[in-house]
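Written below as structure tokens is the structure these notes are about.
The values are calculated or read from the model by the stated rules, or taken from the named source; none is laboratory data. Everything quoted here is computed from the prediction, not taken from an experiment. We place every Cβ from the backbone using ideal geometry, glycine too, and count neighbours over all the protein chains shown. For the accessible areas, the whole protein counts, side chains as well, though only heavy atoms, and no ligand, DNA or RNA atoms are used. Shrake-Rupley method; radii C 1.70, N 1.55, O 1.52, S 1.80 Å.
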Amino acid sequence: MQTTTYEAGQYDVIVIGAGHAGCEAGLAAARMGAKTLMLTLNLDMVAFMPCNPSLGGPAKGVVVREIDALGGEMAKNIDKTYIQMRMLNTGKGPAVQALRAQADKFQYQHEMKNTLENEPNLTLLQGMVDELIVEDGECKGVITHTGAVFRGKAIIITTGTFLRGEIILGELKYSSGPNNQKPSIKLSEHLESLGFEMERFKTGTPPRINGNTIDYSKTEIQPGDEEPRAFSYETTKYITDQLPCWLTYTNLRTHQLIDENLHRAPMFSGMVKGTGARYCPSIEDKVVRFNDKPRHQIFLEPEGRNTNEVYVQGLSTSLPEEIQHQIIATVPGLENARMMRPGYAIEYDAIVPTQLWPTLETKNIENLFTAGQINGTSGYEEAAAQGIMAGINAARKILGKEEVILSRSDGYIGVLIDDLVTKGTNEPYRLLTSRAEYRLLLRHDNADLRLTEIGHEIGLISDERYEKYVNKKAAIEAEIKRLRSTILKPNEKTQEMIIQAGGSPLKDGIKASDLLKRPEMSYEQIKELAPTEVELPKDVVEQVEIQIKYEGYIEKSLQQVEKLKKLEDKKIPENIDYDAINGIATEARQKLNKVRPLSIAQASRISGVNPADISILLVYIEHGKIARVSGE
Amino acid sequence: MIWSGRFQICFFKGQIEAGDMTYVSNSRHIALLHQALQAIDDVLKGIDYGTPIDIIQIDLTRTWELLGEIIGDTVQESLINQLFSQFCLGK
């Protein structure tokens with residue numbers, strides 16, 4: 001029986017889904033002045049963390065900061081709700097330092113929901129979208145399964161892993177979203193009927209156990225950092241009572257048990273058709289792939305301050321529940337541990353992301369945007385990054401403003417989106433530092449220097465915060481200038497300091513900045529030799545030190561970026577006919593037609609398009625320009 | 001000078017044999033080779049200095065790109081300016 005539809009409201013932006021992507025998209029659009037509606041299957045699942053209750057780490061941690069610099073919410077939310085915060089790779093230099101936080105999962109959701117509820121311009125509503133209203137190639141609204149018709153100027157789909165979700169647990173397979181929620185079936189079918197190419201992915205999660213049943217004496221404690229840290233540049237209050245995590249390991253008995261039961265593992269029995277992420281292997285995967293490793297790390301991570309649930313990181317699995325019990329019991333410390341939720345795998349539909357423009361608008365249907373795991377990514381940070389960009393671009397489009405596209409040198413967000421829309425992905429895409437060519441420029445410490453200007457220009461960063469940023473930037477530049485123009489003489493004090501640090505004494509005077517470049521010297525020491533008038537704040541000092549010490553390499557990276565910019569500026573005409581270009585290889589032609597790159601730079605990144613093809617393309621475009629200019 | 005011991009390890013353990021002597025006569029290519037040599041030198045200096053591998057990689061990438069420009073593996077937008085200035089490409 002068909003539900004009778006009814007007109008339920010007019011909005012500027014409609015966001016389908018209130019996960020990490022949806023929340024950023026909704027908040028960004030609302031804060032930019034768009035009347036925004038957020039529809040979610042379940043209001044109790046806003047900003048839910050279905051897997052690891054944590055944010056950050058290499059590359060991902062930088063993304064959280066980038067989202068903050070643009071004016072997004074994730075960083076602020078985790079700063080209010082973490083149970084543990086750690087800076088990783090502190091011994092390896094600033095280029096690879098990354099912040100990581102364990103979240104109080106329930107508090108995280110609660111805070112975010114609160115923020116959504118209190119955001120002016122934002123309406124939060126529980127409902128399931130069954131179909132989109134598409135007329136003349138334009139998306140004009142949505143229809144929910146209760147018959148509500150919502151009209152919108154831009155629609156953003158952020159349905160995560162719900163599209164035709166199926167949970168797989170041992171021999172059991174059933175239709176479901178993550179954590180036994182309702183899946184979204186009709187919308188997925190509708191998207192296919194609209195001509196979208198979908199692919200099927202899988203992801204998994206480990207069991208949760210009761211913390212009271214863990215024998216911690218057999219594990220190694222992993223406390224948070226004592227030094228107060230925060231993701232957001234706006235955070236001034238730090239949570240001091242942190243909860244520790246605990247480290248233990250699998251052993252040969254665990255591995256043997258898994259080997260004996262591989263025939264019951266959906267991954268190996270053929271039950272799972274979707275492609276899993278190489279970088280997020282299940283324990284069965286690990287045991288099979290790395291069968292010479294005698295043990296694998298297991299981190300026991302509390303899920304919150306007011307629950308005993310502990311996330312067993314490293315034990316992601318879809319082996320039958322019966323076997324999961326046995327596996328857990330083989331791990332030191334977990335001999336008597338009781339499971340609270342079993343681990344499982346989930347298969348879901350994702351959209352092939354090369355069907356999107358770099359703004360995350362779909363190529364086929366105007367004003368329809370997609371963001372988050374629906375685009376084939378994995379991870380909350382990756383989702384949130386796409387969410388904020390989709391929200392920004394949807395709002396800008398409606399307001400008649402220019403789109404915002406971050407380049408690969410602006411941030412990991414730029415790398416992420418460019419990889420997705422230019423190269424696509426055939427497994428759940430996860431951000432790694434190795435995906436970025438300009439890693440030295442995309443650091444945890446300089447996210448604000450890279451993106452606050454943009455955040456302010458689009459209206460998501462307040463004037464107050466922007467002013468603080470401008471002052472910080474000026475202070476950094478002033479101090480660097482001062483150190484470059486200060487000469488330190490080889491007097492007793494200076495030589496003494498250098499020798500104490502382990503360096504070789506000076507023969508002549510040296511610029512303070514050059515002395516700082518020596519690996520054994522730090523800013524603190526230079527400051528003693530060349531004191532400042534005013535005490536500079538820590539974050540300014542940090543930047544001065546990094547920018548001076550790595551000056552040479554930063555310069556080289558910037559030169560590479562310059563080269564890239566030249567190619568980025570070589571735009572490809574919108575109506576170019578690739579079939580009319582002689583000399584390009586067939587594969588290149590196919591790929592160019594599919595991706596429809598906006599610039600020569602993007603074209604050169606498409607797999608299957610070679611430099612020779614690019615040269616021909618360059619000549620063709622230049623030819624076209626000359627022909628037009630000479631009036632032919 | 002390029003085939004020092006350390007590099008032999010990186011590149012096929014030095015087991016590549018050139019069939020015949022390869023001559024590079026194009027002045028642009030020669031200049032690129034010099035730059036690539038300098039870049040490799042920077043890599044070695046970085047290793048000696050104890051610079052983190054992530055940062056040394058910048059010089060290694062530079063070397064790769066410079067060599068790529070010789071064999072046409074690196075996309076060169078300035079190529080267009082060169083071509084249009086040196087050749088008549090017709091209508």
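Among the numbered conditions (1) in contact with a Pro (Cβ under 9 Å, 6 or more places away or on another chain); (2) outside any loop (DSSP other than H, G, I, E, B), the only one that A:LEU187 does not meet is (1).
When the stretch A:62-108 is filtered for residues that are among the basic types (Lys, Arg) and within 14 Å of another protein chain (Cβ to nearest Cβ), only A:LYS92 remains.
Residue pairs whose Cβ atoms lie under 7 Å apart, separated by 6 or more positions or on different chains, with the first residue in the stretch A:583-603 and of a type in the set (Lys, Arg) and the second in a helix (DSSP H, G or I), are A:ARG589/A:TYR578; A:ARG589/A:ASP579; A:LYS594/A:THR354.
Take the stretch A:326-364 and flag every residue that is β-branched (Val, Ile, Thr) and assigned to a loop (DSSP other than H, G, I, E, B). Answer for the stretch A:326-364, where residues must be β-branched (Val, Ile, Thr) and assigned to a loop (DSSP other than H, G, I, E, B): A:VAL331, A:VAL352, A:THR359. Checking each residue in the stretch B:32-61 for being closer than 22 Å to A:VAL561 by Cβ and either free of Cβ contacts under 8 Å to residues at least 12 places away in the same chain or open to solvent by 50 Å² or more (accessible area, probe 1.4 Å) (or both) picks out B:GLN35, B:GLN38, B:THR51, B:PRO52, B:ILE53, B:ASP54, B:ILE55, B:GLN57, B:ILE58, B:LEU60, B:THR61. When residues in the stretch A:351-406 are screened for being within 22 Å of A:ALA69 (Cβ to Cβ), among the β-branched types (Val, Ile, Thr) and open to solvent by 30 Å² or more (accessible area, probe 1.4 Å), 1 of them pass.
What is the residue count in the stretch A:122-180 for residues that are of a type in the set (Ser, Thr, Tyr) and part of a loop (DSSP other than H, G, I, E, B)?
Residues of the stretch A:122-180 of a type in the set (Ser, Thr, Tyr): A:123, A:144, A:146, A:158-159, A:161, A:174-176.
Okay, now just the ones that are also part of a loop (DSSP other than H, G, I, E, B), so A:146, A:158-159, A:161, A:176.
Total meeting the criteria: 5.
Within the stretch A:497-528, the set of residues being more than 14 Å from chain B (Cβ to nearest Cβ) and basic (Lys, Arg) comprises A:LYS507, A:LYS511, A:LYS527. Residue selection: B:ASP41 fails the criterion of being within 12 Å of chain A (Cβ to nearest Cβ) and either modelled with pLDDT of 65 or more or in contact with an Asp or Glu (Cβ under 6 Å, 6 or more places away or on another chain) (or both). When only residues in the stretch A:195-218 that are more than 20 Å from A:ASN179 (Cβ to Cβ) and aromatic (Phe, Trp, Tyr) count, which is least open to solvent (accessible area, probe 1.4 Å)? Applying the filter and picking the extreme gives A:PHE196.
Any residue at all in the stretch A:486-494 that's open to solvent by less than 30 Å² (accessible area, probe 1.4 Å), of a type in the set (S, T, N, Q) and in contact with a strand residue (DSSP E or B) (Cβ under 7 Å, 6 or more places away or on another chain)? So that I can check it myself, show each step before the final result.
We begin by selecting, within the stretch A:486-494, every residue open to solvent by less than 30 Å² (accessible area, probe 1.4 Å); these are A:488, A:494.
Still in the running and of a type in the set (S, T, N, Q): A:494.
Adding the requirement that they be in contact with a strand residue (DSSP E or B) (Cβ under 7 Å, 6 or more places away or on another chain) leaves A:494.
Yes, because at least one residue in the stretch A:486-494 is open to solvent by less than 30 Å² (accessible area, probe 1.4 Å), of a type in the set (S, T, N, Q) and in contact with a strand residue (DSSP E or B) (Cβ under 7 Å, 6 or more places away or on another chain).
Elements of the type helices (runs of 4 or more DSSP H) sitting completely within the stretch A:532-632 and holding at least 3 residues that are under 30 Å from A:ALA230 (Cα atoms) and more than 10 Å from chain B (Cβ to nearest Cβ): these cover A:538-549, A:551-569.
Would you say B:LEU89 is modelled with pLDDT under 80, facing chain A (nearest Cβ under 10 Å), open to solvent by 60 Å² or more (accessible area, probe 1.4 Å) and within 30 Å of A:LYS625 (Cβ to Cβ)?
On the way: modelled with pLDDT under 80: yes; facing chain A (nearest Cβ under 10 Å): yes; open to solvent by 60 Å² or more (accessible area, probe 1.4 Å): yes; within 30 Å of A:LYS625 (Cβ to Cβ): yes.
Here the answer is yes, as B:LEU89 does meet what is asked.
Look through A:LYS556, A:LYS563 and report the one residue that is at pLDDT below 90 and either of a type in the set (S, T, N, Q) or in contact with a helix residue (DSSP H, G or I) (Cβ under 9 Å, 6 or more places away or on another chain) (or both).
Details: A:LYS556 fails: at pLDDT below 90.
Result of the check over A:LYS556, A:LYS563: A:LYS563.
Scanning the stretch A:423-447 for residues that are surrounded by fewer than 23 Cβ atoms within 10 Å (Cβ to Cβ) and within 30 Å of A:LYS153 (Cβ to Cβ) returns A:GLY424, A:THR425.
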